[in-house]
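The values are calculated or read from the model by the stated rules, or taken from the named source; none is laboratory data. Worth saying up front: this structure is predicted, and the values here are computed from it rather than measured. Here the Cβ positions follow ideal geometry from the backbone for every residue, glycine too, while neighbour counts run over all protein chains shown. The accessibility values were calculated without ligands, DNA or RNA, using every heavy atom of the protein model including side chains. Shrake-Rupley method; radii C 1.70, N 1.55, O 1.52, S 1.80 Å.
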Amino acid sequence: MLQRRNSLLLNIVIWVLLIFMLLWVLFPFYWALLNSIKHPSDTFRPGTWVPWLTFKPTLDTWISNLSQREIRRALLNSTLISTGAATVSVIIGTLAAYALARFRFQRVSNGSITTWFLSQRILPPVVVVLPFFLIMSSIGATDKIWSLILLNATFVLPFPVIILSQMFRELPPEMEEAAFVDGANRWQAFTRVALPLVVPGLVSVWIICMAFSWNEFLFALTLTSKNAIPMPVIIAGAQHTRGVQFHEVGVRVLMTMLPPTILALLAQRYIVRGLTLGAVKG
Amino acid sequence: MSQSVGLSEAPAVREIPVRAQDRSRWAFLLPAVFWVLALTIFPLLYALYSSLFSYRFGRRNAFVGLDNYARLFTDENLHNGLWVTFIFVISTVAVEMVLGFSLALLLNREIRGRNVLRAIMILPLFATPVALGYLGITIFYETNGPINVLIRSLGGSSIPWLSNPFWARVAIILVDIWQWTPFVFLVSLAGLQGLPVDLYEAAAVDGAGGWQLFRRITLPLMMPTLWLILLFRLVDAFKVFDIPMSLTLGGPGRATEVYSMFQYRTGMRFFDHGYAAAQGFLLLIIVSVIVSLLFGRIRSLYEEA
C-alpha cells in the first residue's frame, strides 16, 4: 500500500487537501499576528488581511503590553507555575515509573497501580478544584503560585509515570545488574545507569507537562486573584469595559500560545506517545 | 514490528535479582502515591463531606443530608448544562474522528514534507484553549470578522456567530474541531504506519482490491487504536470549560453553558459549594461509566488480536 504509485488525479487531490489543511491550521495564528500589529481602528475594518498593502503595521500594542507590570508579572507567574509543576511531577513521576518498571509489587499488582495513576487522567478538573479552593481558602493559601504548582503537577502526573515506566522497561536490565556487581546500590543504579539512558524521553515528557500546565485555565481562574495570575487569565483583561479590544487580544493570545507550541515542536518525536499515554508509539 | 498498542504494561516486568535493597521500591513509589492521595482523594472526600451541607454566603450552614443530590434531578439549568455538553461532545468527537481518520488514510503514503506536516499539525494541540476562545471572538466577529467577510464575498449573508444560540454552539464546536482533529490525525497516522506491510502484500497477491484491503485488514487492525482515540477524545470533551468560558461566556442565554461551566458558577459565583460538590460527583459518575464501557471494549479487542 505504501509503495502503490499514485495516479495524477489522486496526487492533485492530495496536494489541494494538504494546502487546505495548512491554511486551516495556520490561519488563526496568522489572524492573531495581524491583529497584534494593527492600529486599533484597523482591527474593525474589513479587508485588512495583508500588512503594508492593506494597513500600516505598528508595534505599539506589543510595546504597551510588554511595558505593563501586570503582564510581565503574569509571564513570570506562568513560567514559574509551568516549569515548577513539570519539574515536580517529572521527579516524583520518574521515581514511581522506575518502581513500576523494575519491581514487582505483591499486594496490589503493578498493572493495577498503573491503572490507578492512569485514572487520574479521566478525573474532571472542576470536580477537584472547587473543594481544593475551599481547603486553600480555609488556610488562607489562595492566590499563591505554589498552590497552582501543586494542582498542575497532580493533573500532569500520569504522563511521566506511564510513559517513563514504559521507557525504563525497554532498557535491558543487564546494565543495572552489571552496576550491582560493581558494588552500586539501587539508588546509584537508578541515577547513574538507568536515568541517563531515558534523558531524551524525560525532557520530552517534561515539555508536555510544562505545556499543559502553562495552558491550564480553570485552576488559575479559581485560585488566583491578583499576585499569582498567569497568562491564560490575563487575556481576559483585554476585555475592558469598552468591549473586546482586538489588538490587545492579538498580542496577549500570541504571548500565551507561542511558548507551549514552540516547546512542543522540540518534543515532536514523543508527542503521539505522550498524548496517548504510551498506547500508540508515534 | 507489529502494532504497538497496549494500555498498561505490554512487556512483563523484568525484575532485577533483588538483593538487600528490596525495600527501596517503596521509596520510589510512595512519593507519587501520597501526592495523588493528598491532592485528589483528599479533596474528593472533602467534597463528599461538603455535599451534605447547605451553604450560605460561602459558609457551611446546615446539614441537609442528600438534599443537594435530590436537586440534581429537578434543576432545569443543570439539565441544560448536561444537554449542551452532550451536543458538544457528540458533534466534536464524531467530526474529529471521521475527519482525522480519513485524512490519515489519505496521507498514509510517501509524500514530501511529511515532517513539516506533522510539526504543523502539532501546533493546535498545544495552543492555549482559552487563548483560542478569545482569538475566536475576533475571528467569528459578526460585522467584519474574516469568516463573515469571506462568506459575504462569496455571495452569502453574514452568520450571527455569537448572538444566535445555534451558531454560538457551532462556533465552540468548530474551535474544538480545529484544535483536536490533528490529534486524531496524528495518532491514526502513527497507527497506520505500524501496520504490517507484508499482510498487504500477501493480500494484493491474492488479488484483493483497495476497498477489500481497507475493510478486511486496515479497519480491523486499526480498531483498538480507534477505540483508544475515541476514549481519549470523549474524556477530554466532557471536561470542556475553557473555550465556552472565553468565546461565548455560556451565552447567548445558556445556549453554550456546558456542565463544567455551570458547576464552576454554582461554586464560585453563587457560593453554593454543597450543591456544586454534588454536581461534581454526577459528572464523575457519567465520565466513569463511559470510561468503563469503552475500557472493556478496548481490552476485549486486545485479547482477540
Which ³J(HN,Hα) values in Hz, rounded to whole numbers, follow from the phi angles of the range B:113-119 under the Karplus curve 6.51 cos²θ - 1.76 cosθ + 1.60, where θ = phi - 60° and Gly and Pro get x?
x, 4, 5, 5, 4, 4, 4
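Just from its helices, what would the mean residue ellipticity at 222 nm be for the protein assembly as shown, if runs of 4 or more DSSP H residues each count -39500 (n - 2.57) and the sum is divided by every residue, rounded to the nearest 500 deg cm²/dmol?
It lands at -21000 deg cm²/dmol.
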Residue-wise HN-Hα coupling along the range B:222-232, computed from phi with Karplus coefficients 6.51, -1.76, 1.60 (Hz; x: Gly, Pro)
8, 3, x, 5, 5, 4, 5, 4, 4, 4, 4
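Report the FRET efficiency, 1/(1 + (r/R0)^6), for B:E76 and A:I19, where r is their Cβ-Cβ distance and R0 is 45 Å, rounded to 0.05. Please report the intermediate quantities before stating the final value.
Values: r = 47 Å, r/R0 = 1.05.
Approximately 0.45, to the nearest 0.05.
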Accessible surface buried upon B-A contact (total; probe 1.4 Å; Å², nearest 100):
10300
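What whole-number value in Å² describes the accessible area per residue of chain A for a 1.4 Å probe?
Values: 11750 Å² over 282 residues.
Each residue of chain A exposes 42 Å² on average to a 1.4 Å probe.
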When only alpha-carbon atoms are used, what values of Rg and Dmax, in angstrom, describe the protein assembly as shown?
25.0, 79
Percent accessible area from carbon and sulfur atoms, the range A:133-217, protein chains only, probe 1.4 Å
67
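Quick one: which of A:120-127, A:59-66 comes out on top by average Cβ neighbours within 10 Å, and what's the full order, highest first? Each step should come with its number before you reach the end.
On the way: A:120-127: 21.2, A:59-66: 15.0.
So the peptides A:120-127, A:59-66, ranked by packing, come out A:120-127, A:59-66.
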Expressed in angstrom and rounded, the centroid-to-centroid distance over alpha carbons for the range B:44-67 and the range A:87-107 is 36
So if each residue of separation counts as 0.36 nm, and I subtract the Cα-Cα distance between B:I151 and B:F271, what length gain in nm does that give?
38.8 nm
If the cut-off is 12 Å between C-alpha atoms, which aspartates and glutamates fall inside it for A:K56, apart from same-chain ones fewer than 8 positions away?
A:D42
Drop in accessible area of at least 20 Å² in the complex versus isolated chain, residues of the range A:36-75, 1.4 Å probe
A:F44, A:P46, A:W49
Interchain or sequence-distant (5+) residues whose placed amide H lies within less than 5 Å of the amide H of B:F53 are B:V64
B:A38 versus A:L10: modelled label distance in nm, points set 7 Å from Cα along the beta carbon direction
5.8
State in Å² the accessible area per residue of chain B; use a 1.4 Å probe, count heavy atoms of protein chains only, and round to the nearest integer.
45
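Between A:T83 and A:L195, what is 0.36 nm times their sequence separation minus the Cα-Cα distance? Round to one decimal in nm. Please report the intermediate quantities before stating the final value.
Working: separation 112, 0.36 × 112 = 40.32 nm, distance 1.99 nm.
Value of the extension gain: 38.3 nm.
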With a point put 7 Å past each Cα toward its Cβ, work out how far A:S67 is from A:Y30 in nm, to one decimal.
3.2
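State the percentage of accessible surface on the range B:84-257 attributable to carbon and sulfur atoms; use a 1.4 Å probe and exclude ligands, DNA and RNA.
On the way: 4250 of 6360 Å².
Answer for the range B:84-257 is 67 percent, counting heavy atoms of protein chains only.
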Want the number for B:V116 to B:F86: 0.36 nm per residue separation, take away the alpha-carbon distance, what's left?
7.3 nm
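Other chains near A:96-108: what is the mean number of their Cβ atoms within 10 Å of each residue's Cβ?
Numbers: counts 8, 3, 3, 10, 7, 6, 7, 11, 6, 4, 0, 0, 0.
Per residue, the average neighbour count from other chains is 5.
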Using +1 at the C-beta of Lys and Arg and -1 at the C-beta of Asp and Glu, which of B:A202, B:F28, B:V287 has the Cα lying farthest in the positive direction of the dipole of chain B?
B:F28
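Among the trypsin sites (Lys or Arg not before Pro) in the range A:1-63, which ones are in a DSSP loop with at most 10 other Cβ atoms within 10 Å of the Cβ? Mind listing them?
Working: sites: A:R4, A:R5, A:K38; in loops: A:R4, A:R5, A:K38.
For trypsin sites (Lys or Arg not before Pro) across the range A:1-63 that sit outside H, G, I, E and B with at most 10 neighbouring Cβ atoms in 10 Å, the list reads A:R5.
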Name the residues whose placed amide hydrogens come within less than 5 Å of the amide hydrogen of A:F55, ignoring near sequence neighbours (fewer than 5 apart) on the same chain.
A:V50
With each pseudo-label sitting 7 Å past Cα toward Cβ, what's the B:S163-A:L258 distance in nm, one decimal?
3.5
A correct Karplus calculation of ³J(HN,Hα) over the range B:101-107, with 6.51 cos²θ - 1.76 cosθ + 1.60, θ = phi - 60°, whole Hz and x for Gly and Pro, returns 5, 4, 4, 5, 4, 5, 9
Members of the range B:154-202 that become less accessible by 30 Å² or more once partner protein chains are added (1.4 angstrom probe, chain alone as reference):
B:W178, B:F183, B:V187, B:A190, B:V197, B:Y200
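Can you compute the FRET efficiency between B:R56 and A:L265 using 1/(1 + (r/R0)^6), with r the Cβ-Cβ distance and R0 = 51 Å? Round to the nearest 0.05. Walk me through the intermediate numbers first.
Details: r = 51 Å, r/R0 = 0.99.
E between B:R56 and A:L265, to the nearest 0.05, is 0.50.
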Tell me the accessible surface of A:S119 in square angstrom (1.4 angstrom probe, heavy atoms of protein chains only), to the nearest ten.
50
Check the straight Cα-Cα distances from A:K226 and name the lysines below 22 Å, setting aside those fewer than 8 residues away within the same chain.
A:K144
Name the helices (complete DSSP H segments) of chain A with a Cα length along the long axis of 15 Å or more and a Kyte-Doolittle mean of at least 0.0, or state none.
A:8-36, A:69-102, A:125-138, A:145-156, A:158-170, A:199-215, A:246-266
Kindly report, to the nearest 10 Å², the accessible surface of B:F63 as traced by a 1.4 Å probe over protein heavy atoms only.
140
Let me spell out the model: positive unit charges on the Cβ of Lys and Arg, negative unit charges on the Cβ of Asp and Glu, origin at the Cα centre of the protein assembly as shown. What dipole size does that give, in debye rounded to 20?
540
